[in-house]
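Notes for the one structure printed next.
The values are calculated or read from the model by the stated rules, or taken from the named source; none is laboratory data. Since this is a predicted model, take the numbers as computed values, not measurements. For neighbour counting, all protein chains shown are included, and Cβ atoms are generated from backbone atoms with ideal geometry for every residue, glycine included.
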């Protein structure tokens with residue numbers, strides 16, 4: 001004899017599944033909000049005068065690119081901190097512009113490859129464009145370096161010809177990144193952030 005499942009049993013099972021899914025979404029949103037809060041604090045400690053709008057632009061763009069390239073967003077934040085100190089108007093000694101300190105000539109050479117649009121030098125002053133181009137350029141370098149992070153950092157900083165000149169920069173970035181990873185690990189251990 002076959003038993004029929006009561007309509008109420010099906011409704012209860014569906015309700016439980018929906019409740020579980022909603023709880024999972026709430027948990028994910030809380031975790032994301034905690035990560036954004038840590039990112040915000042990191043940026044503000046590095047540049048106390050930065051505007052909330054600039055912080056939001058940086059975080060949104062970095063998080064979007066970190067998903068695209070499957071890389072820790074804090075690595076990109078460290079890269080930006082060391083490059084420009086989160087100063088959206090930074091101009092480097094050799095004419096590098098913006099948060100990611102991109103040379104206009106480099107941007108011109110990369111524009112058709114990376115952004116597939118007509119490039120103008122003023123675009124480097126836009127924090128979102130600057131971060132997108134800088135991260136895309138870094139990821140292009142790292143893929144050409146067989147995922148050698150140290151080598152990619154050196155090339156990003158000093159160029160492929162002067163790679164040895166980027167050693168100090170690489171050390172600075174890797175030390176800062178190690179400090180940030182330790183901070184994240186500590187927050188995870190005390191339950192502020194979820195374990196990955």
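Annotations
- Within the range 47-63, the set of residues being farther than 13 Å from residue 139 by Cβ and in a helix (DSSP H, G or I) comprises 52, 53, 54, 55, 56, 57, 58, 59, 60, 61, 63.
- So residue 112, is it modelled with pLDDT of 90 or more, farther than 23 Å from residue 57 by Cβ and surrounded by fewer than 16 Cβ atoms within 10 Å (Cβ to Cβ): no
- Residue match in the range 146-166 (condition: part of a loop (DSSP other than H, G, I, E, B), modelled with pLDDT of 85 or more and either on the phi > 0 side of the Ramachandran plot or surrounded by 15 or more Cβ atoms within 10 Å (Cβ to Cβ) (or both)): yes
- Flag for residue 119 being at pLDDT 85 or above and surrounded by 15 or more Cβ atoms within 10 Å (Cβ to Cβ): no
- Number of positions in the range 65-81 that are over 8 Å from the mean Cα position of the chain (by Cα), farther than 16 Å from residue 54 by Cβ and crowded, with 20+ Cβ neighbours inside 10 Å: 2
- In the range 89-102, the residues that are free of Cβ contacts under 8 Å to residues at least 40 places away in the same chain and crowded, with 16+ Cβ neighbours inside 10 Å: 90, 96, 97, 98, 100, 101, 102
- For the range 77-105, the set of residues classified as touching a helix residue (DSSP H, G or I) at 6+ places or on another chain (Cβ under 7 Å), farther than 21 Å from residue 170 by Cβ and in a helix (DSSP H, G or I) consists of 104 only.
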